[in-house]
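The values are calculated or read from the model by the stated rules, or taken from the named source; none is laboratory data. None of these values were measured; they are calculated from a predicted model. Neighbour counts run over all protein chains shown; Cβ positions are idealised from the backbone, glycine included. Areas reflect the complete protein model, heavy atoms only, side chains present, ligands, DNA and RNA absent. Shrake-Rupley method; radii C 1.70, N 1.55, O 1.52, S 1.80 Å.
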Amino acid sequence: MDIVLLAKAAIMGIVEGLTEFLPISSTGHLILAGSLLGFDDDKAKVFDIAIQTGAIFAVVLVFWHKIHSTVVALPRQPKARRFALNVLIAFLPAVVLGLLFGKAIKAHLFTPTVVASTFIIGGFIILWAERRPPGSVRIENVDDMTPWDALKVGLVQCFAMIPGTSRSGSTIIGGMLLGLSRKAATDFSFFLAIPTLIGAGAYSLYKERALLSVADIPLFAVGLVFSFVSAWLCVRWLLRYISTHDFVPFAWYRIAFGIVVLATAWSGVVTWAD
């Protein structure tokens, strides 16, 4: 296996892990990083989706107690069944809309210009969400969510099919606008990521299996490992961060980064691959 290619896989894994659960769009960063590294062919696109599984393993590890206690309590505790049902309900809209429109979105919207534009738009939405009045919070804990709350968060998650929007950003900021506390929205976003990203990764690997071979195992393994480690560090940091901070810095980061990408593309300083 080419050492340079493995190094690119490691970089992409780190980018995935550090950005998957922050409201800054992992897909957008992977598209931009892949463009700069020349790692953006059809196999690379499958790789980008598959290594999300590494990030999900990190979430499972961090939230293992909650996941384990919920599974064990399913036969006897209504609260555990309601929580599991809420995650399932929130997961379904992305499945339906992904199957209907996923191919068209990948064909037309996976470009650096679209990513940069949605970075900027998403940044202003975060600033708007963080200005909501103090009394707008209805739900302090994920266990207090209703199926209707879960469905609304699931529908908001579908905006993340547009690259650069951010799945975490859609669910966290969307959840906050729908009345969830910052902690409840963040926690539910983590739990919803488990079926969403595992499902997307498995489906992508199955659909594009003709592109892959046994020789690709080291490439994917490196990406998964680096994605897992960086995501584990990021999730642990984010849980501490939200206890005392808001998401405004991420909003300004999105806006600044989007402007830089658009400026370099229009000026010709950087040739972003479409």
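For the chain, what does the relative contact order come out to in percent, with C-alpha contacts under 8 Å and a separation of six or more?
Once divided by the residue count of the chain, the mean separation gives 39 percent.
Could you pull out which residues in the range 191-230 have an amide N less than 18 Å from a spot 7 Å beyond the Cα of R236, following the Cα-Cβ vector?
Zone members listed by number: 225-230.
In nm, what is the difference between 0.36 nm times the number of residues separating D2 and A210 and their Cα-Cα distance?
Gain on stretching D2 to A210: 72.8 nm.
May I ask for the percentage of alpha-carbon pairs in the range 98-233 that lie more than 22 Å from each other?
The proportion of pairs with Cα distances above 22 Å equals 49 percent.
Suppose accessible area is computed on protein heavy atoms with a 1.4 Å probe; arrange M161, M176 from highest to lowest.
The ranking, largest first, comes out as M161, M176.
If you roll a 1.4 Å probe over the chain with all protein chains in place, what percent of the accessible area is carbon or sulfur?
Looking at the chain in its full context, I get 71 percent from C and S.
What Kirkwood Rh does the range 55-173 have if only Cα atoms enter the pairwise 1/r average? Answer in Å.
Roughly 16.3 Å, rounded to one decimal.
Counting only Cα, what are the radius of gyration and maximum Cα-Cα distance Dmax of the chain, in Å?
Here Rg and the maximum Cα pair distance are 18.3, 62 Å.
So how much accessible area does W64 have, in Å² to the nearest 10, using a 1.4 Å probe?
About 140 Å², ignoring ligands and nucleic acids.
Would you calculate the separation in nanometres between label points at D143 and S243, each defined as 7 Å from the Cα along the Cα-to-beta-carbon direction?
Rounded to a tenth, the inter-label distance reads 1.8 nm.
I'd like the distance between the alpha-carbon centres of the range 197-274 and the range 49-82, rounded to an integer number of Å.
The two parts, judged by their Cα centres, are 22 Å apart.
How about K207: which lysines have a C-alpha closer than 28 Å to its C-alpha, ignoring those fewer than 8 places off in the same chain?
Partners found: K8, K43, K45, K103, K106.
If the cut-off is 17 Å between C-alpha atoms, which lysines fall inside it for K79, apart from same-chain ones fewer than 8 positions away?
Hits, sequence-local ones excluded: K66.
For the pair D42/W128, report the inter-label distance in nm, with labels modelled 7 Å from Cα in the Cβ direction.
3.9
Calculate for the chain the 222 nm mean residue ellipticity that helices alone would give, adding -39,500 (n - 2.57) per DSSP H run of length 4 or more and normalising by residue count, nearest 500 deg cm²/dmol.
-24500 deg cm²/dmol
Looking at the calculated P(r) for the range 110-156, what percent of the C-alpha pair distances fall above 14 Å?
Here the long-distance tail beyond 14 Å is 69 percent of all Cα pairs in the range 110-156.
If I histogram all Cα-Cα distances within the range 1-106 using bins 5 Å wide from 0, what percent of pairs lands in each bin?
That works out to 2, 10, 15, 17, 17, 14, 11, 8, 4, 2, 0, in percent per bin.
Would you mind getting me the FRET efficiency between A107 and I198? Use the beta-carbon distance for r and R0 = 35 Å, nearest 0.05.
With R0 = 35 Å, the Cβ-Cβ based efficiency is 0.90.
Between T271 and L88, 0.36 nm times their residue separation minus their Cα-Cα distance comes to what?
Full extension from T271 to L88 adds 61.7 nm.
Show which lysines lie in cross-link reach of K152 when reach means a straight Cα distance below 18 angstrom and same-chain residues fewer than eight apart are skipped.
K183
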